[in-house]
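The values are calculated or read from the model by the stated rules, or taken from the named source; none is laboratory data. Given the structure is predicted, the values throughout are model-derived calculations rather than measurements. All Cβ positions, even for glycine, are placed from backbone atoms using ideal geometry, and neighbour counts span all protein chains on display.
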Amino acid sequence: MKKILIVDDLHPAFKLEAEGMGFEVDDLPLIKKAEVLEILKDYEGLAIRTKFRVDAEVLAAAPKLKFVARAGAGMDNIDVDIAEAKGIKLINAPEGNADAVGEHTLGMLLSLMNNFRKADTEIRNGIWDREGNRGYELMGKTVGIIGYGHMGQAFAKRLAGFGVKVIAYDKYKTRFTDDYASEASMEEIVKYCDVLSLHIPLTRETKQMVDEEYLRHFRRPIFFLNAARGEIVNTKAVLNAINSGQILGAGLDVLEKEKFPTLGEADFYEALKNHPKVLLTPHVGGWTFDSYRKISEVLARKLKNLEI
Ligand SMILES: O=C(O)C(=O)COP(=O)(O)O
C-alpha cells in the first residue's frame with residue numbers, strides 16, 4: 001500500500017479521502033524535520049503547508065517519493081528544480097484559499113481607506129477626531145493587480161460593484177478568461193493605479209521586486225497591499241514611501257521575515273508596527289475556517305487525478 005506522510009495541520013478531509021483512494025496516511029502535524037528525515041524513505045507522498053521546507057536534504061532522504069501535496073498556494077518552500085529533476089509531482093490548492101485571500105485583501109483595503117484601525121484605537125483612548133480620520137472612496141479609482149492567478153482574480157472579482165477600474169499584469173497569462181480586470185503592462189500599472197495589490201509567488205525574480213527604485217515610478221500616491229509573500233517587498237522602502245506620502249497606507253498580511261523580528265531588526269519593526277498608516281495581519285489572508293476545509297478537499301481531488 002502506498003503511504004503518505006502529513007507533516008502539518010491539514011483538515012481531516014484530505015486524510016479521509018486519500019485513505020478512500022487506498023493510501024495509508026500518517027498524520028503527524030507536530031513532527032520535527034529530523035524525524036521526517038529518518039522516516040521519509042518509506043513514503044510515496046508528502047503533504048505540507050508553508051512551514052515545512054522541502055529542500056535538497058529532504059528530497060535526498062526520500063527515494064520512494066512520487067509527489068508533494070502543498071496544502072495552499074505558494075511553492076516557495078519546495079526546491080522545485082530538484083523535485084522536478086527527480087520526477088516528483090507537485091500539486092497545490094490555490095483554489096481552496098483564493099476566496100479567503102480575495103476577501104482579506106479587500107478587507108485590508110477598505111480598512112486602510114477608512115482608517116478603521118486608527119480611529120478605533122483613538123476612540124478607545126478618548127480621542128474623537130473626525131478630520132484626522134477622513135477617508136478615501138474606492139469609487140472612480142484604478143486598482144492595479146500584479147499576478148492574475150487564482151488570488152488576483154479572486155480580489156478583482158470582489159471589486160466588481162465598487163465602481164473601480166481594475167487593471168492587471170500577469171507575466172504568464174494573456175487574454176484573461178474573466179471580465180473583472182483588463183490586461184495591462186507593468187508600466188501602465190505604475191502609471192495609472194491608485195491601489196497596488198501583489199498576488200505573485202516568491203521566486204528569484206520577484207524577491208525584493210518592490211523596492212525604493214520601483215516605488216519611485218508611481219505617478220500617484222497609492223494604497224499598497226501585500227497578501228502574497230513578505231520577501232517580495234523591501235519593507236524599509238515601503239516605510240520610507242509612506243513617510244514621503246508616496247504610499248497612503250499599506251496593508252501587509254506577510255512580512256519580510258515571518259513572525260517577529262530578531263533583536264537587530266527591532267527598531268525597524270517598531271517603526272512599522274507603530275505606524276498609523278500600516279495595517280498588519282499574521283499571514284492569515286488565506287487562512288479561514290472555510291479555506292481550512294476547502295484546501296484539503298481540493299488537494300484530495302488533485303491527488304485522485306495524479307498519475308503516479
Ligand atoms: O497558500 C499559501 O501560499 C499560504 O501562504 C498559506 O500559508 P499556510 O500554508 O497556511 O501557512
Report task. Kindly list, by first and then second residue, each pair from a residue in segment 176-187 that is of a type in the set (Asp, Glu) to a residue that is at pLDDT below 95 and in a loop (DSSP other than H, G, I, E, B), limited to pairs with Cβ atoms under 7 Å and residues at least 6 apart or on different chains. Result -> Glu183/Thr174; Glu183/Phe176
Query raised in the report: Restricting to segment 57-83, what's the tally of residues that are away from the ligand (no atom under 11 Å from the Cβ), within 23 Å of the chain's Cα centre (by Cα) and among the acidic types (Asp, Glu)?
Result: 2
Query raised in the report: Which residue pairs have Cβ atoms closer than 7 Å, lie 6 or more positions apart in sequence or on different chains, and pair a first residue in segment 215-227 that is touching a residue at least 60 places away in the same chain (Cβ under 8 Å) with a second residue that is of a type in the set (Gly, Ala, Ser)?
Result: Phe223/Gly249; Leu225/Ser197; Leu225/Gly251; Ala227/Gly285
Query - Which numbered condition Ser296 misses (of (1) touching a residue at least 60 places away in the same chain (Cβ under 8 Å); (2) surrounded by fewer than 21 Cβ atoms within 10 Å (Cβ to Cβ)) - result: (2)
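Which residues, taken from segment 233-272, are among the small types (Gly, Ala, Ser) and closer than 20 Å to Ser197 by Cα?
Filtering segment 233-272 for residues among the small types (Gly, Ala, Ser) gives 237, 241, 244-245, 249-251, 264, 266, 271.
Hits for segment 233-272 are Ala237, Ala241, Ser244, Gly245, Gly249, Ala250, Gly251.
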Query raised in the report: Which residue pairs have Cβ atoms closer than 9 Å, lie 6 or more positions apart in sequence or on different chains, and pair a first residue in segment 68-94 that is farther than 16 Å from Arg301 by Cβ with a second residue that is more than 16 Å from the ligand (Cβ to nearest atom) and basic (Lys, Arg)?
Result: Val68/Lys89; Ala83/Lys89; Gly87/Lys66; Ile88/Lys66
**Report entry** Residue among Val25, Val58, Val68 that is modelled with pLDDT of 95 or more, closer than 27 Å to His199 by Cα and surrounded by 19 or more Cβ atoms within 10 Å (Cβ to Cβ)
**Finding:** Val68
Query raised in the report: What pairs can you find where one residue is in segment 247-269 and more than 27 Å from His217 (Cα to Cα), the other is at pLDDT 75 or above and of a type in the set (D, E, K, R), and their Cβ atoms are less than 6 Å apart, with a gap of 6+ or different chains?
Result: none
